[in-house]
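Engineer: Structure provided below as structure tokens; questions to follow.
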Amino acid sequence: MSRPTRRQVLYGSAAAVTGAVLAAPAAFADSPAGRPAAARGDSAGHGHSAGAGPSGGHQMAEPFDEVYQGRHIEGWPTDDGGHGGHGGHQTGRAAGPHEGMDFVVRIDNDDLHVMRNADGTWISLVNHYETFTTPRALARAAVRELQGADLVPVVTG
């Protein structure tokens, strides 16, 4: 059996280092330090962690109504909790603007489409790749992200 040349050893080492460098961000993202502050429940401007965690992950968030950075933000749970059926076909009533949503969030009286993840965190169309523990924290982050721009309504259907 022949011995590997120095070139083969260098190429093999370079490939191993490249693989480790490329795998590190994925491993870091799964660690607690790699998660966004809101998903860890930190209070650095992202709200408190009520409604998060293993036991409280599926409790409905509290309603809110406040002015944040000069914008009026408000939110409340919907009457049917988002379980009223599809397309407004339940009990003969027409589909409302918040049909299928668990929680309504508005910025300056414009609806911000929000979604609840399976782990109890929240995302919006403005901050789709960042999770938040409460809709209030999500609304505040959306205001920061909009930087004074108007919220454009989402047209569905």
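The values are calculated or read from the model by the stated rules, or taken from the named source; none is laboratory data. All of these numbers come straight from a predicted model, not from anything done at the bench. Positions of Cβ are generated from backbone atoms using ideal geometry, with glycine treated the same way; all protein chains shown enter the neighbour counts. The area values use the complete protein model at the heavy-atom level, side chains included, leaving out ligands, DNA and RNA. Shrake-Rupley method; radii C 1.70, N 1.55, O 1.52, S 1.80 Å.
Engineer: How about segment 127-157: which of its residues are of a type in the set (Val, Ile, Thr), touching a helix residue (DSSP H, G or I) at 6+ places or on another chain (Cβ under 8 Å) and closer than 16 Å to HIS72 by Cβ? Before you say what the answer is, go through the steps one by one.
Structural biologist: Initially, segment 127-157 is screened for residues of a type in the set (Val, Ile, Thr), giving 131, 133-134, 143, 152, 154-156.
Right, trim to touching a helix residue (DSSP H, G or I) at 6+ places or on another chain (Cβ under 8 Å) and you get 131, 133.
Residues satisfying the conditions do not exist here.
Engineer: Of all residues in segment 124-150 being open to solvent by 20 Å² or more (accessible area, probe 1.4 Å) and of a type in the set (A, V, I, L, M), which is farthest from VAL67 (Cα to Cα)?
Structural biologist: Only one residue fits best here, namely LEU125.
Engineer: Of all residues in segment 58-95, which are modelled with pLDDT of 50 or more and more than 21 Å from the chain's Cα centre (by Cα)?
Structural biologist: If the condition is that a residue be modelled with pLDDT of 50 or more and more than 21 Å from the chain's Cα centre (by Cα), then VAL67, GLY70, ASP79, ASP80 are the ones that fit.
Engineer: Looking at segment 108-123, which of the residues that are of a type in the set (A, V, I, L, M) and open to solvent by less than 80 Å² (accessible area, probe 1.4 Å) is modelled with the highest pLDDT?
Structural biologist: Step by step, filter segment 108-123, then rank; the result is ILE123.
Engineer: Scan segment 98-107 residue by residue and report those that are at pLDDT 90 or above and open to solvent by 10 Å² or more (accessible area, probe 1.4 Å).
Structural biologist: Residue satisfying the conditions is ARG106 alone.
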